[in-house]
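The values are calculated or read from the model by the stated rules, or taken from the named source; none is laboratory data. All figures in this text were calculated on a predicted structure; none of them were measured in a lab. Here the Cβ is made from the backbone with ideal geometry for all residues, glycine too, and neighbour counts use every protein chain on show.
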């Protein structure tokens, strides 16, 4: 009989079974707060996925854990699952927190007050060590203050497990509340750090379980906004029918089978996730058929169905079009045969957010292309599988997104191959880096050349604001067109053409020669041609290329080099 709390007693220590139950409760509690955490995204762009990434990481951490009486055994299994299932920077940091806890609990059958406090302190140390550029005002600050609060609680008279855990939760909450004072970008946006809030919710879920409180989902909650934030406004102007979003949760979900079915019965399909949790976005005339199909595999959560006819009319009134340009797309070279990519001395893995970008990378003899990008961050496991699928022992990864770099670095550490991660933060950087790749050069020569080449690229990203915001002096209203320059929000306005003009004026084109316009999933080729023709008239001295990127969330990605 274990020593966990009952109605009349307080817990003395946890067994491994107790620890696993506490973490399972934390996962349930976190799931209910995913939308709230996602909404804390600083930038008003459709990529607020911190809550989703943390939840999917925790789900992966717990999925295959075998119950055991030893805390050491359970915590080690949890960390291993989180290591491979980590998604996005927040998920990777969470996996490092769980790693630190596992290191502290190694050799301990039970977890009492001093073991818990030490585990939280070690979690902080490991998380800071794993961050290449640790910043205060983030989840790192929150886990550090959590450990400090837990250690302080040990000094109180008759401190027990609940005393320490309660103090840790309070310490986490206070640290989260202080994050806007440490990061100006949080202060300006009027939000707390999303990763820190996610960690607080996890600890709160563990505490609620320890106190015997309910953590089960409340089914009459208003629809969560995590899918709304992730997929809002990715539709083309001629889309019709119903935009249907579902979060499907279950065990051993047939991911590929579900994705194939959705592609067969709808349009604008985005299916991301794994065998435990799948997010589905699809356009259909019969949303009921989609729900009936999905429910046979598991539980449907966060169902959201939008009439696109009305939505499009509200968001895009008066969006005139220029005459069609005579310019044509630069058609990617057909994907090379796998045998051709195998001839490279160095293996290449690239993350691509759309079918167009994937085709471009394959035409450049990239051996493994992993789907992913904004709101679709691949897991460490998916990157490892891509690495291991290549015949080469030396690999270069191009994450092509700032929120995938840490997962790529973690994948590089896990595999037995020699792997270098090129820290390209945008897809155009990755494409330009490939232009410097020498198929028979050694690893370090290629890596240095590619790094030098990608640094020449200036990237602008055009999308639609999903909410009001004030960032670095730029006032944004939800529904406006916004432009990011190398990841920084710099322009917002009601007229998309004017926003594009403004961002181009800030790109330093006088020192550059080539403009490439990659149009997204919601933009027709005709509209992209019109934009290219206009830019040719404005900048006759530049070579302008137009290519389909197929990215779901950004209308245009424009690179200059």
Item checked: Residues located in segment 183-202, provided they are more than 25 Å from residue 153 (Cα to Cα) and either in a helix (DSSP H, G or I) or modelled with pLDDT of 95 or more (or both) -> 184, 185, 186, 187, 188, 189, 194
Notebook entry, point to check: Hey, among 416, 430, which residue is out of contact with any helix residue (DSSP H, G or I) (no Cβ under 6 Å at 6 or more places or on another chain) and modelled with pLDDT under 90?
Noted result: 416
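Here's the yes/no breakdown for (1) surrounded by 23 or more Cβ atoms within 10 Å (Cβ to Cβ); (2) modelled with pLDDT of 85 or more; (3) touching a strand residue (DSSP E or B) at 6+ places or on another chain (Cβ under 9 Å); (4) part of a loop (DSSP other than H, G, I, E, B):
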site	(1), (2), (3), (4)
1	no, no, no, yes
52	yes, yes, yes, no
83	yes, yes, no, no
94	yes, yes, no, no
Note to self: Given the criteria crowded, with 24+ Cβ neighbours inside 10 Å and either in contact with a strand residue (DSSP E or B) (Cβ under 6 Å, 6 or more places away or on another chain) or without any contact (Cβ under 8 Å) to a residue 12 or more places away in the chain (or both), does residue 38 qualify?
What the structure shows: no
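Residue-wise test of (1) more than 30 Å from residue 186 (Cβ to Cβ); (2) in contact with a strand residue (DSSP E or B) (Cβ under 8 Å, 6 or more places away or on another chain); (3) touching a residue at least 40 places away in the same chain (Cβ under 8 Å).
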site: 466; (1), (2), (3): no, no, yes
site: 469; (1), (2), (3): no, yes, yes
site: 493; (1), (2), (3): no, yes, no
site: 496; (1), (2), (3): no, yes, yes
site: 501; (1), (2), (3): yes, no, no
site: 505; (1), (2), (3): no, no, no
site: 508; (1), (2), (3): no, yes, yes
site: 518; (1), (2), (3): yes, yes, yes
Next item on the list: Could you please find all residues in segment 342-373 being out of contact with any strand residue (DSSP E or B) (no Cβ under 9 Å at 6 or more places or on another chain) and surrounded by fewer than 21 Cβ atoms within 10 Å (Cβ to Cβ)?
Entry: 342, 343, 363
Check: In segment 534-544, is there at least one residue being outside any loop (DSSP other than H, G, I, E, B), under 28 Å from the mean Cα position of the chain (by Cα) and modelled with pLDDT of 90 or more?
Finding: no
Checklist line | Yes/no for residue 350 being at pLDDT 95 or above, within 18 Å of residue 518 (Cα to Cα) and not assigned by TED's automatic domain parsing to the domain that holds residue 525 | finding: yes
Next item on the list: Check off (1) touching a helix residue (DSSP H, G or I) at 6+ places or on another chain (Cβ under 8 Å); (2) farther than 17 Å from residue 430 by Cβ; (3) surrounded by fewer than 22 Cβ atoms within 10 Å (Cβ to Cβ) for residue 451 and give me the number that stays unchecked.
Entry: (2)
